[in-house]
Amino acid sequence: MKESDILPITGHLAQTNLLKNVSEEKIAEFASICRKVIFKKGDVIVREGDIGDTMYMIVEGTVEVARTLVFEDLDEKNPLGNKVFAKLSAKDHAVFGEISLLESSPRTATITALTDSFFYEIKRADFLRLARKDSELGFQIIYNVATVLGARLRKADEDITKLTTVLTIVLKESV
């Protein structure tokens, strides 16, 4: 992957849901707080349970999102391990860690690079400084983050309903 093959930062940022309905001028302002980072295939980018302060935008590459199914200390002989819940790709203009822009809380999943990958990272402190300086831009980004999180929450609710339905059927049949 050559950096010259990648869209200029503002072109890439304009294609993400995070900067939907944001002017080119404001995108350039946001680009000023983005830092380029590279991860190699197999690198853990964020680890479930660690306190997050950084959001990532995938520019090139693919990552997997995995969560721990069972705490290892509950059953050391036969832990269920991790479950891969999603794969995120640059071609989808994916972002992750966006909750870290809003609060300091434990990461909800482990994100691992499946390929050599290139990202833009945004630190919460930098974002908050920018949002205080330009409240219109800060509001639009937070609104877009809320929209992304709302869609993810709706999907999670649908998944929980499906799992509950299957579990109910299985339990009824086992009685």
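Each helix, a run of at least 4 DSSP H residues, gives -39500 (n - 2.57); summed and divided by the residues of the chain, these come to -12000 deg cm²/dmol at 222 nm.
Near Leu128, within a Cβ-to-Cβ distance under 13 Å, what is the net charge of the other residues, with Lys and Arg +1 and Asp and Glu -1? Please list the in-between numbers first.
Working: positive: Lys123, Arg124, Arg129, Arg132, Lys133; negative: Asp53, Glu103, Asp126, Asp134.
Summing Lys/Arg as +1 and Asp/Glu as -1 gives +1.
Given R0 = 30 Å, the distance between the Cβ atoms of Lys162 and Asn21 translates into a calculated FRET efficiency of 0.40.
Structural size metrics of the chain, computed from C-alpha coordinates, are Rg and Dmax of 18.5, 63 Å.
Could you tell me which helices of the chain pass both thresholds, a Cα extent of 27 Å or more along their own axis and a mean Kyte-Doolittle hydropathy of at least -0.5, with helices taken as whole DSSP H runs?
Values: long enough: 135-174 (57 Å, 0.34).
The answer, listed by residue number, is 135-174.
Applying the Karplus relation 6.51 cos²θ - 1.76 cosθ + 1.60 with θ = phi - 60° to the stretch 93-105 yields 3J(HN,Hα) values of 6, 6, 10, 8, x, 5, 4, 5, 6, 9, 8, 9, 8 Hz, where x marks Gly and Pro.
Run the numbers for Ser174 and Phe85: contour at 0.36 nm per residue of separation, minus the present Cα-Cα distance, in nm. List each step's numbers first, then the result.
Values: separation 89, 0.36 × 89 = 32.04 nm, distance 2.78 nm.
So the extension gain works out to 29.3 nm.
Taking 30 Å as the cut-off for C-alpha to C-alpha distance, list the pairs among Lys26/Lys91; Lys87/Lys133; Lys26/Lys162 that go past it. Let's see the in-between values first.
Working: Lys26/Lys91 23 Å; Lys87/Lys133 35 Å; Lys26/Lys162 41 Å.
In this structure, Lys87/Lys133; Lys26/Lys162 lie more than 30 Å apart at Cα.
Rule-based calculations on the coordinates, nothing more; no lab input. The structure presented is a predicted model; accordingly, all values stated were derived computationally and were not measured. Virtual Cβ from ideal backbone geometry, glycine too; neighbours counted across all protein chains shown.
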